[in-house]
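The values are calculated or read from the model by the stated rules, or taken from the named source; none is laboratory data. On a predicted model such as this, the values are computed, not experimentally measured, just so you know. Here the Cβ positions follow ideal geometry from the backbone for every residue, glycine too, while neighbour counts run over all protein chains shown. Just so you know, the surface numbers come from the protein's heavy atoms only, side chains and all, with ligands and any DNA or RNA stripped out. Shrake-Rupley method; radii C 1.70, N 1.55, O 1.52, S 1.80 Å.
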Amino acid sequence: MTTQETAHLTPPSPVSFWQAFAFWLKLGFISFGGPAGQIAIMHTELVERRRWISEKRFLHALNYCMLLPGPEAQQLATYIGWLMHRTRGGIVAGALFVLPSLFILIALAWVYMRFGDLPLVAGIFYGLKPAVTALVLHAAHRIGSRALKNRWMWGIAAAAFVAIFALNTPFPVIVLAAALIGSAGARWAPQVFALGGGHAAAKAGYGPALIDDDTPTPAHARFTRSRLIRVLAIGAGLWLAAMGLLLLTQGFESLLTQMGWFFTKAALMTFGGAYAVLPYVYQGAVEQHQWLSAAQMMDGLALGETTPGPLIMVVAFVGFVGAWLQPVFGSDSLFLSGAVAATVVTYFTFLPSFVFILAGGPLVEATHGKLGFTAPLSAITAAVVGVIVNLALFFAYHVLWPTGFGGHFDWVSASIALAALLALFRFKIGVLPLLGACAALGLAVTWLAPNLI
């Protein structure tokens, strides 16, 4: 047996809090590729390379996070950090997954608002918008292929599409209706909702892990009622303190307070990932509150796709742009207004995720796999597919007919969108190469035919 093989069979050395801190910081800067890419990076680093956690325990944690509202990759990092180094480990892992993206998006949003009218910047976004449309369609297909396993699930997806497209039904109402259908279905038609998990069985062969299959659950991860109450009270207190500060200093009708309240609700609606909550964010931020325009929302999604961290970080862009256009600290402090708003919406969006992991980790694992608990989530995921298709059609309309159906059809944008769809579905191109190529095409159009922009 070689020295390398012997080392592979030896359990890794204990990992200190600061060693883990360095890894979580690194992960915050390299977590590109959306949830699938981020989970793949964590699997490679934590299961295969470092062997901090076994694959079975990794997938068990992932299945739990998939049941919760919120960004599953960020919650998975929080969960593993919490399992390894208690509450401070979870907070550090989850926060460092988000903070690099927040700072990068604040900088990019400033460039967008300050220099967005320049031909160079306009050309980049001209190419990115069709790519975003293709990415949303691809997301609908990806989620649908996993969720729509029978005609009843197809029916739920179709009903959700009609509800939001034709009846303009609010997204929370659709989620509630789907949950009720799933709850009833668990009792009356369990075979429809017993779809099974979306992850393959654990594979052996990586060697013993620090947290292995048979490693006892650490004391801090065991369920106790007193700990559950304490964590929920602290989470509620943090939310009340932040909201109370906004109410005292800004008032209920102020921009920051309304953003804090709205994105708290959005955080509880993110079953199915970031693409699932985008229609709700669009309805509230664009149509109801008019914090930004539909075109700006698409530009923000494009920026969110190009930065590390969870895609739901597009909310930071929404907050920045909204406060730039309605500056809460005066017209001489546009950047400060935008940066504070981006920070506020990020806080209210991600606070529930930390509470779900730190409070519910020991509790929800015991209910995983029980149909009465998972059937409503299966129905919600099916409904989300119909909602995402509606979002894709909305984006396509604004990209292909930028001045409305009465105006001209943008055949150049249509060509870029079709090329992006071909690249995604046929050649399995990654998100970043796709966006880079589409941005380059937009720049080329700006140079060769500036009147099209």
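A few remarks follow.
- Every listed requirement among (1) outside any helix (DSSP H, G or I); (2) modelled with pLDDT under 75 is met by residue 169 save one, (2).
- Highlighted here are the helices (runs of 4 or more DSSP H) found entirely within the stretch 292-366 that include at least 1 residues which are open to solvent by less than 20 Å² (accessible area, probe 1.4 Å) and within 25 Å of residue 233 (Cα to Cα): 334-365.
- Lone unmet requirement of (1) under 21 Å from residue 146 (Cβ atoms); (2) at pLDDT 80 or above; (3) open to solvent by 80 Å² or more (accessible area, probe 1.4 Å) for residue 176: (1)
- Residue within the stretch 106-115 that is touching a residue at least 60 places away in the same chain (Cβ under 8 Å), out of contact with any Pro (no Cβ under 8 Å at 6 or more places or on another chain), open to solvent by 10 Å² or more (accessible area, probe 1.4 Å) and among the charged types (D, E, K, R) present: no
- Given (1) under 28 Å from residue 158 (Cα atoms); (2) at pLDDT below 80, number of the condition residue 364 does not satisfy: (1)
- Selection of the stretch 146-164 for residues being at pLDDT 80 or above, out of contact with any Phe, Trp or Tyr (no Cβ under 9 Å at 6 or more places or on another chain) and either over 20 Å from residue 190 (Cβ atoms) or aliphatic (A, V, I, L, M) (or both) yields 156, 157, 158, 159, 160, 161, 162, 163.
- Test: residue in the stretch 272-281 that is aromatic (Phe, Trp, Tyr) and at pLDDT 85 or above: no
- Residues within the stretch 294-308 that are small (Gly, Ala, Ser) and touching a Leu at 6+ places or on another chain (Cβ under 9 Å), tallied: 3
- Any helices (runs of 4 or more DSSP H) falling wholly within the stretch 1-107 and containing at least 1 residues that are at pLDDT 80 or above and closer than 30 Å to residue 336 by Cα: 17-30
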